[in-house]
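One structure is given below, encoded as structure tokens.
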Amino acid sequence: MNLRLIPLALLLAVLAAQAQPSDPFAPNAVFNALPCDAPIASLPSGIPSTEGKVTLFADYARARKSEPMDVYLINRSDHDIVLGAQDGDVYLKLEAKNEDGTWTRVQPHAFSWCGNSYDFKSLVRKGGFYKIKGHQPKVGKLATIRFRLYKQDWLDLTTDAGEGVVSAEEAEKAATDALAVSTGSFDFVRDLATGENKIVNTMDHIQDMQGCAIETLGSGRFPKDKVLPLLDAIEKKFPEKKRDVNFARQSLEHPRKKQP
């Protein structure tokens, strides 16, 4: 990155973020993190939070039809927290409640092809909050919804449930995007990796969904004793996928260190 092209305000923010000491909640992750928070004292009235915890709250009471909903990530823990992000998007996604009580992501995601999109993370310091715009489709049906943070190694947060709009078209796209594979169940990922199921991603440049599924098998999300024999079978059946299989094996043997 050419620092001469960075606006002064952004450069100062980067330097300020990098000057923050590493904390045990996100060791070494403050590097390349940009502050995005405001002090909790300036929270709008009626926004609850819990002492000692990080919470996520959707402000249904102030929501306006066909407009993004305000979602507040409030850090009342003892540590600064760092959120993975893509071009400033911290992967806050809309979910809808199914008839059986389970939840499904109904907001699709498009991954960027440019590595620079993932250079900077978002920093929420202790005693601060981050207001995020929760997606609401312009057209759709009323449903029971919530918002969830995705792709955060150590932080699994959802908002309270409320009423919102869900688009059937967007839900269909979300079911077949690359995020659906990387966060899918073992059965779903297995069937894609073994060629038993095929899906078409219409959201971004990631078109090899079988390869994406094989990579997900190596993510460490699933038991190794189930994954390793599966990788052997895939390599035997699909020799052209040997590179993907080897990458998955190496990832299992040398897992990426996650934030605690």
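Bear in mind that the values in this text are calculations on the coordinates, not laboratory data. Remember, it's a predicted structure, so these values are computed and weren't measured experimentally. Cβ coordinates were reconstructed from backbone atoms using ideal geometry, including for glycine residues, and neighbour counts include every protein chain displayed.
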Listed peptides 118-130, 93-105 by packing density, highest first (mean Cβ within 10 Å): 118-130, 93-105
Kirkwood Rh and Cα Rg combined as Rg over Rh, evaluated for the stretch 176-254: 0.93
Cα-based Rg / Dmax (Å) for the stretch 27-166: 15.2, 43
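Tell me, in nm to one decimal, what length is gained between Asn116 and Glu67 on full extension, where the rule is 0.36 nm per residue of separation less the Cα-Cα distance? If you can, show how the numbers build up before the last one.
Numbers: separation 49, 0.36 × 49 = 17.64 nm, distance 2.92 nm.
Here the answer is 14.7 nm.
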The stretch 48-161: relative contact order in percent, alpha carbon pairs under 8 Å with at least 6 residues between: 35
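Classify the chain as rounded, prolate or oblate, taking a ≥ b ≥ c as the square roots of the eigenvalues of its Cα gyration tensor: rounded when a/c is under 1.5, otherwise prolate if a/b is larger than b/c and oblate if not.
Details: a/c = 1.88, a/b = 1.30, b/c = 1.44.
Oblate shape, in that a/c is at least 1.5 and b/c is the bigger or equal ratio.
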Simple spin-label estimate for Thr202 and Ala233 in nanometres, 7 Å along Cα-Cβ: 3.2
Gain in span if fully extended, Lys126 to Phe247, counting 0.36 nm per residue against the direct Cα distance: 39.8 nm
On Cα atoms only, tilt of 242-253 relative to the major axis of the chain in degrees: 60
Inter-site label distance for Glu169 and Glu240 at 7 Å from Cα along Cβ, in nm: 3.3
Simple label model, 7 Å out from Cα along Cβ direction - Leu142 to Ala161, nm: 1.6
Members of Lys121/Lys198; Lys97/Lys121; Lys93/Lys141; Lys93/Lys242 lying beyond 23 Å, as alpha-carbon distances in this model show: Lys121/Lys198; Lys97/Lys121; Lys93/Lys242
